[in-house]
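A short write-up of the structure that comes next.
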Amino acid sequence: MENTGTDTLPLNMISSEEQETVCIFGTGDFGRSLAFKMLQCGYSIVFGSRNPRTSSLLPSGAEVLSYSEAAQKSDIIIIAVHRDHYDFLTALTEVLRGKILVDVSNNLKINQYPESNAEYLAQLVPGTRVVKAFNTISAWALQSGALDANRQVLVCGNDSKAKQRVMDIVRSLGLTPLDQGSLIAASDIENYPLQLFPMWRFPFCLSAVLCVFFFVYSVIRDIIYPYVYDKKDNTFRLAVSIPNRVFPIVALMLLALVYLPGIIAAILQLYRGTKYRRFPDWLDHWMLCRKQLGLIALGFAFLHVIYTLVIPIRYYVRWRLRNVTVTQAIAKKENPFITSQAWLSDSYLSLGILGFFFFVLLGITSLPSVSNMVNWREFRFVQSKLGYVTLILCTAHTLIYGGDRFLKPSNLKWYLPLAHVLALIIPCTVLVIKFLLILPCIDKPLTRIRQGWERSSKLSK
Amino acid sequence: MENTGTDTLPLNMISSEEQETVCIFGTGDFGRSLAFKMLQCGYSIVFGSRNPRTSSLLPSGAEVLSYSEAAQKSDIIIIAVHRDHYDFLTALTEVLRGKILVDVSNNLKINQYPESNAEYLAQLVPGTRVVKAFNTISAWALQSGALDANRQVLVCGNDSKAKQRVMDIVRSLGLTPLDQGSLIAASDIENYPLQLFPMWRFPFCLSAVLCVFFFVYSVIRDIIYPYVYDKKDNTFRLAVSIPNRVFPIVALMLLALVYLPGIIAAILQLYRGTKYRRFPDWLDHWMLCRKQLGLIALGFAFLHVIYTLVIPIRYYVRWRLRNVTVTQAIAKKENPFITSQAWLSDSYLSLGILGFFFFVLLGITSLPSVSNMVNWREFRFVQSKLGYVTLILCTAHTLIYGGDRFLKPSNLKWYLPLAHVLALIIPCTVLVIKFLLILPCIDKPLTRIRQGWERSSKLSK
Amino acid sequence: MENTGTDTLPLNMISSEEQETVCIFGTGDFGRSLAFKMLQCGYSIVFGSRNPRTSSLLPSGAEVLSYSEAAQKSDIIIIAVHRDHYDFLTALTEVLRGKILVDVSNNLKINQYPESNAEYLAQLVPGTRVVKAFNTISAWALQSGALDANRQVLVCGNDSKAKQRVMDIVRSLGLTPLDQGSLIAASDIENYPLQLFPMWRFPFCLSAVLCVFFFVYSVIRDIIYPYVYDKKDNTFRLAVSIPNRVFPIVALMLLALVYLPGIIAAILQLYRGTKYRRFPDWLDHWMLCRKQLGLIALGFAFLHVIYTLVIPIRYYVRWRLRNVTVTQAIAKKENPFITSQAWLSDSYLSLGILGFFFFVLLGITSLPSVSNMVNWREFRFVQSKLGYVTLILCTAHTLIYGGDRFLKPSNLKWYLPLAHVLALIIPCTVLVIKFLLILPCIDKPLTRIRQGWERSSKLSK
């Protein structure tokens, strides 16, 4: 590393700041990757190991000493060993007194131990300042410098000076430190890399249940019923027709379920006359995964759009249209233009397209970088007002799609109505109640409650 | 909060750094949410209130004292009351001397008062160091930890040490502080949460005007004219046909308007012989909302694409194609394959698709996270070169779409030409002038001017 | 700048911290833009110039002095002149001793000089602390405050205190400093603004080669062969039909090439029995541009989808369908419904749509902001598992599309098989080998090797 310009300065602090020495206990895969990266960024590395002999795997330029010798060379010691092996550190308590220990460990299961690894380490070796860091970074990302991998390092610790020094090291490696607070946060930090989309579990399960239900429902109506009554083999409809019936229904229901908790919360606040009583847990959880519900609904809507656009390419549709045309040509029949049919067809197509367009806008504003660029008022405008516009357009699209086939008795097969009629129940309920909530006689008290007024006490803001 | 390991240390500074005490004046909704969050992150909170009695609404672990008692417990005092109530602080001037006051207030209207709330506070209580912060965060986001809400806290203040301490608090709450400079910036910070897409006003108004104009134009040509002359009822065309005529026209015109200010700026620089004279204000403002114009154009292009792809599903189109086929079958007519027609049809479709593809690429690179990952040269390459490629493809698409129907007299209804002919005026102008600007005889002097050369003086870079 | 509240304080440090003076050598375009921005943010600016006379171009409020006078007014001196003119600084070595020099220069070509400008500056003027910064920001972005431009300032330097001061200046201008380490990184920082998508070169070249190859292949099969044998003029197919054959083939092959290096790496590791031997350079480079290969594949898939959806709008397709219908009507022929054909048609459409949907999901999770929000385990789940699901769906889509036309001798024109048969070679190979790698008998040793086990030594984790 070039020291041009700083050699001749008589200021001692500069020379000691450059080659900062960091000690790493453990010569496993992660310890080596971390050492490799830190050497690249100008640090001096000293390994502490059970067997202090240089190995060809260790980065060149790093010393290997025994634990106690290595510990004396640095203020900061990175403990790159598994929690199972933390015991040996108790013997070094005196040597480690006052130093900063960085816990980089991960577990295999969420909440595998009663206390977090960092807190366990702090108990084992009193007198040290424990900081949790680096466990969200993979060894491969450190070595290859892959920019795709998450660059954020979650850091927590009780001592803020120690935290600052660790965060400086993180920054000098080109990563982004995020301070999560005191060592209490270590459990969350250790669970974080083990999670697999925790906020998406409930929305995914709900979508799967709805999909399966409406799939079976449609199969009964569109494949089994015609087979039982007309001996028609409609099984090929499983590939495109049935999915194109299930996906829009699930999309519309999930979109309505995004706005239903807000409605329920408003009704609860009006009923209780205050906004300071906590909502039930299920309502809180529901409100926290509204974004995930909406994004899954957008995915289903996207699938529905493409399944609809391939309709004219399908062999079945071309065969059916050709048959109608040939029959008409052979019979030399007139086919008058039914304007109402044209209105119906064009209207529900147009409403569906506009609804999908606003739905995509909602999805784009959910992207993290876009939602960070808008302020709170703009975000609420898009998600709330545009959101209801989307819901209205999609519900109107489904209503008009039915046309006059809606509740004709001839459309009831085994007393099961058309599938999309079922789908319209929740959206229409949400829209009707929202309309009622907008009426001034109800909106005024609700706004007062939301600004802090309480019906039962004189405490006002 | 665990203090394991730090209890036994004789170092006093560590214990005083952990439980930093922050005082909050005001027990309203925002003050309580802020206290709740700060207690979670390890701070000790003291409320100052008119009525210093503990309430069930206050987070447990926070004391409630009178204003002067609370103020003495901490260096930092968050003023969580409305501006209207700031008067009481003048009585506390002596107690507050030398302390850091954090102004978190918001107003209801943009520029509601002649000076910002923070400057007013600084005038009221001389001797304090006022820092503006936290007004962009909502109380609900603080309490629920919702990650969707904007996590950026705009901070400004005259005293940089005070600013640093407030920014440290912001970071320890898991938010991202952005330093906006001195207290002069407080007005902008207080206006920020009240804005509703300020840069989008002009582009939206312009799009609305263009939409309405071409909508009326198309209605006159496609619905009123056939009704007057042929008594044909074409009103159903309002749903899909007319929008599919308006949207692509507006999209193409807006896209051309994205590149027109650059052309005007280049002509101005060539005319004046220097780049150091300021542009007219309207040109500056136009250049600043080019991105918004482009994104709105992309939205219209997206709608046009989907409206075009649903064409074969429409009842009207199927009825018309069926009629043509049946008529031909009954008349037993031959229908020879016109290769030029096939070329025309396939060409304008292909050009449109490629133009839309590059348009989508332009949109993706406008996303904040993507534009942060590319350097200045790459960004200009995409936005400028790919942008002109998009404009060329879309203009060619529109030109070929007209085919030979372009300026046939038979297409003039009431002397109004086809709508898309009007749309082609601005794009063709832009492309022709851009082509002239690329010619070496004009590009050379322009590049010299852009690198600092001035025609009228000898000052060269 | 308002100093309300700080005037009356007897603390001297506050007044000296506010109006920090920064010196700028050079009154060219960039120096002036930087001064303008820094004055806005509360700094005091002093220009050093060859001709120390005030010019109308300089921002008001900035002094202009000779170099040595200006240098004495500040600790930090920004050298805003071209490298060619650095010589004059040697005469000022004594004046500049101990000060911080900020090198903001850019070159015209990558690696234009043997050493970076910053290192050259450090050699010229020993005794100073050189920091590289600001070269990634454009003058126009500084003046107009355009938020689109890259706000990240790459900073490097040997002295960390000097780096911290420069990074503080960067933050106070509202930009984001990124510490790149010691002065060795200056070459990379100086090359950064000159790069034009370096990681995309190889993927683009590969796509172009594949495109050209399959374009020529399809032209031979679909245009030249029918012309030679049937005198049919199929040239119009160049617009839509041929691209719609080339794009999906290239998309599928590129998608398979995203997962092939992982397979090759796994085979290498199994063969060598260790994971610690470096991969060949070509494999390393291939693995680093997998994301770019995938995104280009997604672009081609997107084009394929739209080219497919416009099929029913094409004149050629409508003419062909009309002819078939009219022929059938005139011949009064029956056209029975072939269920297997309906299954085939609907299946490959459905598989293609689902494959495209997951492909878009992969693309969305590649966005920087989205990939920063997921942890390592979630990222691998999406990119690896969902990625293979996409590959399976798209390969199945292509296999079924061929139907039974696959290897019929009648489809061999001049012994060239259908184009998409060629395209299936790499994907099927990848999927078969991946299936073999998943088998427990092979997966167990591979997992052990990836956790650090080595076949030839006893060193185990």
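The values are calculated or read from the model by the stated rules, or taken from the named source; none is laboratory data. The structure presented is a predicted model; accordingly, all values stated were derived computationally and were not measured. Note that we place each Cβ from the backbone using ideal geometry, even for glycine, and neighbour counts take in every protein chain shown. The protein model used for the area step is the full one, side chains on, heavy atoms only, and it has no ligands, DNA or RNA in it. Shrake-Rupley method; radii C 1.70, N 1.55, O 1.52, S 1.80 Å.
Here's the yes/no breakdown for (1) in contact (Cβ under 8 Å) with a residue 12 or more places away in the chain; (2) open to solvent by less than 70 Å² (accessible area, probe 1.4 Å); (3) within 22 Å of residue B:243 (Cα to Cα):
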| position | (1), (2), (3) |
| --- | --- |
| A:317 | no, yes, no |
| A:320 | no, no, no |
| A:328 | no, yes, no |
| A:334 | no, no, no |
| A:347 | yes, yes, yes |
Just checking, which of A:268, A:303, A:283 is at pLDDT 90 or above, more than 14 Å from chain C (Cβ to nearest Cβ) and open to solvent by less than 30 Å² (accessible area, probe 1.4 Å)? A:283
Just checking, does the range A:107-115 include any residue being open to solvent by less than 10 Å² (accessible area, probe 1.4 Å), at pLDDT 80 or above and either part of a loop (DSSP other than H, G, I, E, B) or of a type in the set (A, V, I, L, M, F, W, C) (or both)? no
Could you check, for the range C:426-433, whether at least one of its residues is closer than 27 Å to residue C:343 by Cβ, assigned by TED's automatic domain parsing to the domain that holds residue C:247, at pLDDT below 90 and touching a helix residue (DSSP H, G or I) at 6+ places or on another chain (Cβ under 7 Å)? no
Quick check on this structure: which one of C:128, C:176 is touching a strand residue (DSSP E or B) at 6+ places or on another chain (Cβ under 9 Å) and open to solvent by 20 Å² or more (accessible area, probe 1.4 Å)? C:176
Residue match in the range B:383-398 (condition: at pLDDT below 90 and part of a loop (DSSP other than H, G, I, E, B)): no
All-but-one check, residue A:133 against (1) touching a strand residue (DSSP E or B) at 6+ places or on another chain (Cβ under 6 Å); (2) among the hydrophobic types (A, V, I, L, M, F, W, C); (3) more than 18 Å from residue A:37 (Cα to Cα), failing number (3)
Out of the residues in the range C:261-279 that are part of a loop (DSSP other than H, G, I, E, B) and without any contact (Cβ under 8 Å) to a residue 12 or more places away in the chain, which is nearest to residue B:357 (Cα to Cα)? C:278
Applying the selection to the range B:370-387, what residues are surrounded by 18 or more Cβ atoms within 10 Å (Cβ to Cβ) and among the hydroxyl-bearing types (Ser, Thr, Tyr)? B:371
Can you spot a residue in the range A:10-28 that is modelled with pLDDT of 80 or more, on the phi > 0 side of the Ramachandran plot and touching a helix residue (DSSP H, G or I) at 6+ places or on another chain (Cβ under 9 Å)? yes
Enumeration of residues in the range B:59-82 that are open to solvent by 20 Å² or more (accessible area, probe 1.4 Å), touching a residue at least 24 places away in the same chain (Cβ under 8 Å) and part of a helix (DSSP H, G or I): B:67, B:68
Do you know which residues across the range A:90-108 are over 17 Å from residue A:189 (Cα atoms) and either in contact with a Cys (Cβ under 7 Å, 6 or more places away or on another chain) or in contact (Cβ under 8 Å) with a residue 60 or more places away in the chain (or both)? A:100
For the range B:425-454, the count of residues that are open to solvent by less than 50 Å² (accessible area, probe 1.4 Å) and of a type outside the set (Val, Ile, Thr) equals 8
Output the residue which, of all residues in the range B:220-254 that are open to solvent by less than 30 Å² (accessible area, probe 1.4 Å) and over 29 Å from residue B:363 (Cα atoms), is nearest to the other protein chains (Cβ to nearest Cβ). B:236
Using the structure shown, decide if residue C:128 is at pLDDT below 90, within 14 Å of chain A (Cβ to nearest Cβ) and more than 30 Å from residue B:453 (Cα to Cα). no
Lone qualifier among A:4, A:54 - being in contact with a Pro (Cβ under 9 Å, 6 or more places away or on another chain), among the β-branched types (Val, Ile, Thr) and either at pLDDT below 75 or open to solvent by 10 Å² or more (accessible area, probe 1.4 Å) (or both): A:4
Given the conditions (1) more than 10 Å from every other protein chain (Cβ to nearest Cβ); (2) farther than 30 Å from residue C:279 by Cα, which single one is not true for residue A:107? (2)
Look through the range A:388-404, keep the residues that are open to solvent by 30 Å² or more (accessible area, probe 1.4 Å) and among the β-branched types (Val, Ile, Thr), and return whichever of them is farthest from residue A:425 (Cα to Cα). A:389
Any chance the range B:290-298 includes a residue that's within 11 Å of chain C (Cβ to nearest Cβ), surrounded by 17 or more Cβ atoms within 10 Å (Cβ to Cβ) and free of Cβ contacts under 8 Å to residues at least 60 places away in the same chain? yes
Quickly run through the range B:173-194 and pick out the residues that are facing another protein chain (nearest Cβ under 10 Å) and among the β-branched types (Val, Ile, Thr). B:176, B:184
Against the condition at pLDDT below 75 and within 29 Å of residue C:385 (Cβ to Cβ), how does residue C:455 come out, does it pass? yes
Looking at C:246, C:240, C:258, which is the one that is in a helix (DSSP H, G or I), β-branched (Val, Ile, Thr) and either over 20 Å from the mean Cα position of the chain (by Cα) or outside the structural domain of residue C:384 (by TED's automatic domain parsing) (or both)? C:246
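Residue by residue, here is whether (1) within 23 Å of residue A:24 (Cβ to Cβ); (2) at the interface with chain B (Cβ under 10 Å from one of its Cβ atoms); (3) part of a helix (DSSP H, G or I); (4) open to solvent by 10 Å² or more (accessible area, probe 1.4 Å) holds:
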| site | (1), (2), (3), (4) |
| --- | --- |
| A:137 | yes, no, no, yes |
| A:155 | yes, no, no, no |
| A:163 | yes, yes, yes, yes |
| A:168 | yes, no, yes, yes |
| A:171 | yes, no, yes, yes |
| A:196 | no, no, no, yes |
| A:199 | no, yes, yes, yes |
| A:202 | no, no, yes, yes |
| A:212 | no, no, yes, yes |
Here are some conditions: (1) touching a helix residue (DSSP H, G or I) at 6+ places or on another chain (Cβ under 9 Å); (2) closer than 26 Å to residue B:319 by Cα. Residue A:279 meets all but one. Which one does it not meet? (2)
Based on this model, can you work out whether residue B:361 counts as facing chain C (nearest Cβ under 9 Å), closer than 27 Å to residue C:366 by Cβ and open to solvent by 30 Å² or more (accessible area, probe 1.4 Å)? yes
